[in-house]
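The values are calculated or read from the model by the stated rules, or taken from the named source; none is laboratory data. The structure displayed is predicted, hence computed values, not measured ones. Glycine gets a Cβ as well: all are built from the backbone with ideal geometry, and neighbour counts include every protein chain shown.
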Amino acid sequence: MTSTAIGPPVQLAESVASGPLLGRWGTVASPGALISILAHPDRALSLPSLRGESPLRALERVRERAEAERGSSWAQPLATQYARYFQDGDRTVYEGGVFARQERLTRAVLMAAAIGSDEWLAEAADGIVLLCEQSSWCWPAHEESCRSRGTVLPDPAAPCLDLGAGDVAAQLAWADHMLGERLDERFPGLRDRLRAEVRWRVLEPFTRRRDWHWLGLDGRVHNWCPWICGNVLVAALRLAEPGAERALQVALAIEGVDRYLAALPGDGSVDEGYEYWWNGACRALEALDVLEYATSGKLSAVNVPVVRETVRFPYRMHLGGAWYVNFADARALPPAEQPWHVPHRWARRIGDPDGVRHAAAHRAETVAPSAELGRALSELADTTWLEAGPAEPPLVASAWLPGTQVGVARTARGTERGLTLAVKGGHNAENHNHNDVGSVVIAVDGVPAVADAGRPTYTAQTFGPDRYAIWTMQSGWHNVPEVRGTPQGQGASFAAGDVAVVDGPDAFQMRLDLAGAYPVEGLERWWRTARLDREAGSVRIEDSWAFTDAGPPSEVRFLLAGQVRREAPGQVTVRPPGGGRAAVLSWNPERAVGSLAERELDDPTLIAVWGDRLTRLRLELPGTASGSVLVHVEVRP
């Protein structure tokens, strides 16, 4: 495919605003310097050997899946599936076919590299050609031109660079890296086609356009930036010709990762939630691994403070088992098969034994059949990871992350048993935001009983103008007050105030004023105090308010997961999903009238986490000018 350039390539400004990377590396990361320090494309990416006993054993599940599907028809994404996003909002059917195609190609490449047969090489070549002939690598939810043109199908002449396009470019680069010479022998011309497609669809748009929203040049940086920039980095290192243009592509990718890291708070926390750490901060770590290898260690980020801190974020958010703190769009029970070798390797490098233990505790014996190609190859190249023994997660006693105003504390370090409390301040314009300022999560033996529902299946509505019509995004379905019939407002101005944390050996307490989150006239203060008492093994959630005068009643609401039963006036028990011990919530029924209402779930994403229902506890408060209510939570013996 040929392309027509639109204007000259972008040039980096002489003085780019430096983040934690460029501030440390300086001109060494400039395009001029990169020309001389970047390895040749044949040596720019690591080349793991897949022929040994350990890699073959790690590929056992990949091989089983690959052998089962070889000879069958490849997934074929259809125009009718693409169009559905613009017609009825469904994005999962088309994306499912795209993901199935790419996952099958990854398995074929791994088998062709590990076993070396012509049959697997042909399977990989088929997958590469299918991707090259796919009309667009952009997912329909991200296509920027359809609505303006009044169409429901992408324009191949105007490729859109999104997460999907970046993923394909990097996958093709890794496939070329692993199979290049053999592809030349068996399918001459295929590698030229592959390079032309990546250049036209990804590398040229990346260098010639600086108006991509995900670059964060407007100051709003999120996980797309390191995700796409990391994939472009891989594609440029392997598939671009050595010289000034390749160096510019790499420099721009570095600048993007640097901008993302600069946007993270110093504590390394991620406002999108733990689940999104894997496709934000973890993507940045992977890009830094690639960059360090391609520059023979001249560009290393191992001593960058925010990088070291974000490596700790996953285990700070761990509740127990497969459960995690899940504010924002994250799920409390996220996918377990993640590239755990990445935080394991980085924890080893920064000397963090808790991070090493936490990652090792989640290690699977084999590579996931759905793993991305680059991530699978990185895992297979890490012999220390492949040989890591079993470990117990650290389950830290407490963590306070002021950058996102999230606090987590458990009854005792190193054990799931007992209560774990998580509290969130923040504001209502965070990335993947829910209106949830002041919300809490309370887990019993590592499983949420007072829960955050998370998000339902992605549709066109999820990131559209009607996002907050989705019930899981509204404050009324989070563990926060409803103030005189008014939910929380949406936007950065609706935020927690006067946040104070006390973290000691006997107790963890977080106190914050929620008044700023509610557009209610006459509301002066709404103090929420959440306290975990380790000696008593209990949690106390106290709400106190001050208005200029009396008015309509308010409510405090709690979303309960599992089996819920009213024990007596002022008391309910909650047995979390999976059984186990129950939590007892109690309050003074003379101060607050409680009621329960079940919400049946019909969304597969929510059902996969919570089962068929959640229950909302509503505590009606008097409309007095001032007052308070205390909810006490303990574990049923």
Report task. Name, by its number, the condition in (1) more than 26 Å from the chain's Cα centre (by Cα); (2) surrounded by 15 or more Cβ atoms within 10 Å (Cβ to Cβ) that does not hold for Gln81. Result -> (1)
Query raised in the report: touching a residue at least 60 places away in the same chain (Cβ under 8 Å), in a helix (DSSP H, G or I) and not hydroxyl-bearing (Ser, Thr, Tyr), is that true of Val62?
Result: yes
Query raised in the report: Between residues in region 204-217 that are among the hydrophobic types (A, V, I, L, M, F, W, C) and residues that are part of a helix (DSSP H, G or I) and surrounded by 15 or more Cβ atoms within 10 Å (Cβ to Cβ), which pairs lie under 7 Å by C-beta distance while being six or more apart or on different chains?
Result: Phe206/Val232; Phe206/Gln249; Phe206/Leu252; Trp214/Trp224; Trp214/Cys225; Trp214/Ile228; Leu215/Cys225; Leu215/Gly256
Query raised in the report: List pairs: first in region 32-51 and assigned by TED's automatic domain parsing to the domain that holds Ala251, second loosely packed, with under 12 Cβ neighbours inside 10 Å, Cβ under 6 Å, 6+ apart or cross-chain?
Result: Ala33/Thr27
Query raised in the report: Mind checking which pairs have a first residue in region 466-484 that is closer than 16 Å to Gly89 by Cβ and not assigned by TED's automatic domain parsing to the domain that holds Pro519 and a second that is hydroxyl-bearing (Ser, Thr, Tyr) and assigned to a helix (DSSP H, G or I), Cβ under 9 Å, 6 or more apart or different chains?
Result: none
Query raised in the report: Given the structure, is Tyr260 crowded, with 24+ Cβ neighbours inside 10 Å, within 28 Å of Gly454 (Cα to Cα) and aromatic (Phe, Trp, Tyr)?
Result: yes
Query raised in the report: Looking at this structure, is Pro576 in the same structural domain as Asn435 (by TED's automatic domain parsing) and either touching a Cys at 6+ places or on another chain (Cβ under 8 Å) or surrounded by fewer than 22 Cβ atoms within 10 Å (Cβ to Cβ) (or both)?
Result: no
Report summary line: So, first residue assigned by TED's automatic domain parsing to the domain that holds Ile37 and among the hydrophobic types (A, V, I, L, M, F, W, C) in region 294-307, second residue surrounded by 20 or more Cβ atoms within 10 Å (Cβ to Cβ) and in a helix (DSSP H, G or I), Cβ within less than 6 Å, six or more apart or across chains; the pairs are Ala294/Leu237; Leu299/Trp25; Leu299/Leu291; Ala301/Leu288; Ala301/Val307; Val306/Leu261
**Report entry** When residues of region 606-625 are limited to those that are part of a strand (DSSP E or B) and free of Cβ contacts under 8 Å to residues at least 60 places away in the same chain, the one farthest from Leu523 (Cα to Cα)
**Finding:** Arg613
Requested in this report: Among the numbered conditions (1) under 20 Å from the mean Cα position of the chain (by Cα); (2) at pLDDT 95 or above; (3) surrounded by 24 or more Cβ atoms within 10 Å (Cβ to Cβ), tell me where Val250 comes up short.
Outcome: (1)
Query raised in the report: Yes or no: Val342 β-branched (Val, Ile, Thr), touching a Cys at 6+ places or on another chain (Cβ under 6 Å) and buried (at least 17 other Cβ atoms within 10 Å of the Cβ)?
Result: yes
Report summary line: Scanning region 126-177 residue by residue, those in contact (Cβ under 8 Å) with a residue 12 or more places away in the chain, over 26 Å from Asp88 (Cβ atoms) and small (Gly, Ala, Ser) turn out to be Gly127, Gly166, Ala169, Ala170, Ala173, Ala175
**Report entry** Unmet requirement for Ala530, which otherwise passes all of (1) surrounded by 19 or more Cβ atoms within 10 Å (Cβ to Cβ); (2) closer than 14 Å to Gly594 by Cβ
**Finding:** (2)
Query raised in the report: Among Ala328, Ala336, Ala287, which is the only one that is in the same structural domain as Ala29 (by TED's automatic domain parsing), touching a residue at least 60 places away in the same chain (Cβ under 8 Å) and part of a loop (DSSP other than H, G, I, E, B)?
Result: Ala328
Query raised in the report: For region 175-189, does any single residue satisfy the condition of being under 26 Å from Trp277 (Cα atoms) and of a type in the set (Lys, Arg)?
Result: no
Report summary line: The one condition Val631 fails out of (1) in contact (Cβ under 8 Å) with a residue 24 or more places away in the chain; (2) surrounded by fewer than 16 Cβ atoms within 10 Å (Cβ to Cβ) is (2)
